[in-house]
Amino acid sequence: MDAINVEGVAKSYGSVQAVVQESLRVPTGQVVAVLGPNGAGKSTLIGMVLGLVAPDAGHVELLGRSPAEAAARGLVGAMIQQGELVPNLTVREVVGFVRGLYPAPMPLDDVLELAGLGELARRRTGRLSGGQAQRVRFAMAVAGAPEVLVLDEPTAALDVEARRAFWVAIRRYAEGGRTVLFATHHLEEADENADRVVVVSRGRIVADGTPAEIKRRAGGRTVRFRLGDQPAAGLEKLPEVTAVEVGGGFVTLHTGDPDTVVASLYSTGLTIRDLEITTPALEDAFLSLTAGGPAC
Amino acid sequence: MLNYLRLELLQVLRDRYYLFFALALPVAFYLLWSSIFAGDRLDPVTGLTSSVDIMISMASYGALGATLMSTGVRLAAERRSGWLRQLRVTPLTPATVIVVKTLAAMSLGLPAVVLVGLASVLWQGVRLDPPQWVAITALLWVGTLPFAALGTLIGSLAGPDAAQPITLGAYFGLAVAGGMWVPLSVLPQVIRDVAAALPSTRFAELGRAVAAGHAPPVSAGIVLAAWTAALGVLAVVAYRRAW
């Protein structure tokens, strides 16, 4: 049984199609990133997974149950966007309250330690910085030790240091074989922390695979060298070359198979200088996959 | 469920505005009015001395305010802040949330009733039989139910910016027309006619009747039950849409 099973869901807001007929199956224990620019439909998709947004079509199952039923049984924990904390309570009271709602929660001190809140346990929620409040919201999401953890842009507005600490905590939580689905528009977050990346653009899933596969699918790698004043003609006919760019005395060959390209380059009779083989960052892959999407 | 009730109560009991508006203000008003209108002259409508009559007025006023403010304004804020959405992904059900919120709101009116009663005993030497005190406290607890429903209705429909003035408007409107600030006997006949149908008048009447030594009139129970039923249905419908 899949931890998350999204089947043909669609959602429109007025004339805007936020999510267009998407399906997604996440097996138990997988850490999946939903990657996309702002406005791509990530939050709507996450909202439907959690049962917070009713889909116009299709349906969602979490561990074989409806989202509401899964929530009622304490199978789900979530960090949603725009989740302010209630006032006049201490960190320990809020986290302890949410923890107490679940049937088999983590020990409270373990939760506070995991979220890095040990020192802040007695602080009132109104006196926390943005980053500290975000850690409290993370603690609330994991306190019940849910099987499925859903995080909507969990590190938005955190600095680099805090973001790193955050992912260490999320990975520790996932180690127990739990399923994690998180939305992000930070490419390196998806690359470094997910087993699988689902790229969303304009309400559609445009790519789905491991971070390495996503990079490969987005046009693969490049072979670049100094051409000088030698002619570039004929390079596009080399085996496995998909595109050729010439500029500034350099030529860049795009390919899915740089080994073959390099081998055949040396039989062209050209003088090859400053040869480089590069794998594009996930960022480039992401841009090529979502090209034409809305800018915001 | 008890866990959630405790959390709801703690949040409000630590709120300075609650302490001021729902506790300090009714007690202070009691001390002020009962000093100004001291005397044994019986009120022609209620048949109570002013020190007892004002005690019931201010206890009702405090309970009314606490119940309305702790439902309307807070529910609107929790809808905006995402806290209710956060609760939706936990095992807490929407029915538990609304039941606990109602219970909490009703109970948050109790401290005002007790404190104003205490002030009347200590300051004005008001003496009632123990069963009367118990009955007044219990009735002014149960009787807040229509106001909890009204607050839930406001909080489910209005945003946080609008919920505040709407709740305050309902609060002061109900308090004044319900004879909590000024005795009904001095209000114009038009307002007195309207007041008979208002839940706030009937709410205070529960306490006034017991303080005067007789059972509350059946008509008061009927009016309060009717308001509770009507506002309750609207509140549940609005809350389910807002949840």
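The values are calculated or read from the model by the stated rules, or taken from the named source; none is laboratory data. Keep in mind that this is a model prediction, so the values were computed, not measured. Here the Cβ positions follow ideal geometry from the backbone for every residue, glycine too, while neighbour counts run over all protein chains shown. Heads up: the accessible areas ignore ligands, DNA and RNA and are worked out on the full protein's heavy atoms, side chains in. Shrake-Rupley method; radii C 1.70, N 1.55, O 1.52, S 1.80 Å.
So, how do all the Cα-to-Cα distances of the protein assembly as shown break down into 10 Å bins, in percent, from 0 on up?
Percent of Cα pairs in each bin: 4, 16, 20, 17, 14, 11, 8, 4, 3, 2, 1, 0.
Just the number: Rg to Rh for segment B:67-146, Cα atoms, Kirkwood Rh, two decimals.
Expressed as Rg/Rh, it is 1.15.
Divide by every residue of the protein assembly as shown the summed helix terms, -39500 (n - 2.57) for each DSSP H run of at least 4, and state the resulting mean residue ellipticity at 222 nm, rounded to the nearest 500 deg cm²/dmol.
Helix contribution divided over all residues of the protein assembly as shown: -15000 deg cm²/dmol.
Restricting to Cα pairs below 8 Å that are 6+ residues apart, what does the relative contact order work out to for segment A:1-145? Please round to a whole percent.
22
Using a 1.4 angstrom probe on protein heavy atoms only, which residues from segment A:132-147 are buried by at least 40 Å² of accessible area when all chains are present rather than their own chain alone?
At a threshold of 40 Å² (probe 1.4 Å), the residues of segment A:132-147 that become less exposed are A:140.
Cα centroid distance between segment B:186-243 and segment A:238-256, in Å?
Between the Cα centres of segment B:186-243 and segment A:238-256 lies a distance of 82 Å.
Show me the chymotrypsin sites (Phe, Trp or Tyr not before Pro) within segment B:1-57 that DSSP assigns to loop and that have at most 16 other Cβ atoms within 10 Å of their Cβ.
Passing sites in segment B:1-57 are B:37.
In segment A:76-91, which residues become less accessible by 50 Å² or more once every protein chain is in place, relative to the chain on its own, using a 1.4 Å probe?
A:80, A:82, A:84, A:86, A:88, A:89
Can you put A:274, A:208 in order of accessible area, largest first, using a 1.4 Å probe?
A:274, A:208
Using Stokes-Einstein with the Kirkwood hydrodynamic radius over Cα pairs, what translational diffusion coefficient do you get for segment B:2-242 at 37 °C and a viscosity of 0.692 mPa s, in µm²/s rounded to a whole number?
182
Please state the relative contact order of segment A:221-278 as a whole percent: Cα pairs under 8 Å, 6+ residues apart?
After rounding, I find 48 percent.
How high is the relative contact order of chain A? Use alpha-carbon pairs under 8 Å, at least six apart in sequence, and give a whole percent.
21 percent.
Given a 1.4 Å probe and every protein chain left where it sits, what share in percent of the accessible area of segment A:111-245 is carbon and sulfur?
Taking all protein chains in place, segment A:111-245 shows 45 percent carbon and sulfur surface.
Counting heavy atoms of the protein chains only and a 1.4 Å probe, report the per residue accessible area for segment B:63-141 as a whole number of Å².
36
Calculate what fraction, in whole %, of the accessible area of segment B:2-242 sits on carbon and sulfur atoms when a 1.4 Å probe is rolled over the protein chains.
72
For segment A:2-216, max minus min Cα coordinate along each principal axis, in Å, sorted largest first?
46, 35, 35
For the B and A pair, go ahead and give the buried accessible area with a 1.4 Å probe, both sides summed, in Å² to 100.
2300
Using a 1.4 Å probe on the heavy atoms of the protein chains only, list every residue of segment B:1-40 that has 40 Å² or more less accessible area in the complete assembly than in its chain alone.
Going by heavy-atom accessible area, the residues of segment B:1-40 that drop by at least 40 Å² are B:3, B:7, B:11, B:14.
Quick check: Cα centre of segment A:16-41 to Cα centre of segment B:9-64, how many Å?
Measuring centre to centre over Cα atoms gives 57 Å.
What is the magnitude of the charge dipole of the protein assembly as shown about its Cα centre, with +1 placed on the Cβ of each Lys and Arg, -1 on the Cβ of each Asp and Glu, and no other charges, expressed in debye to the nearest 20?
1280
Out of all Cα-Cα pairs in segment A:221-278, roughly what percent, to the nearest whole number, are more than 19 Å apart?
I get 13 percent for the Cα pairs in segment A:221-278 exceeding 19 Å.
Only four residue types carry charge here, +1 at the Cβ of Lys and Arg and -1 at the Cβ of Asp and Glu. Report the dipole size of segment B:2-242 about the Cα centre in Debye, rounded to the nearest 20.
For segment B:2-242, the charge dipole is close to 820 debye.
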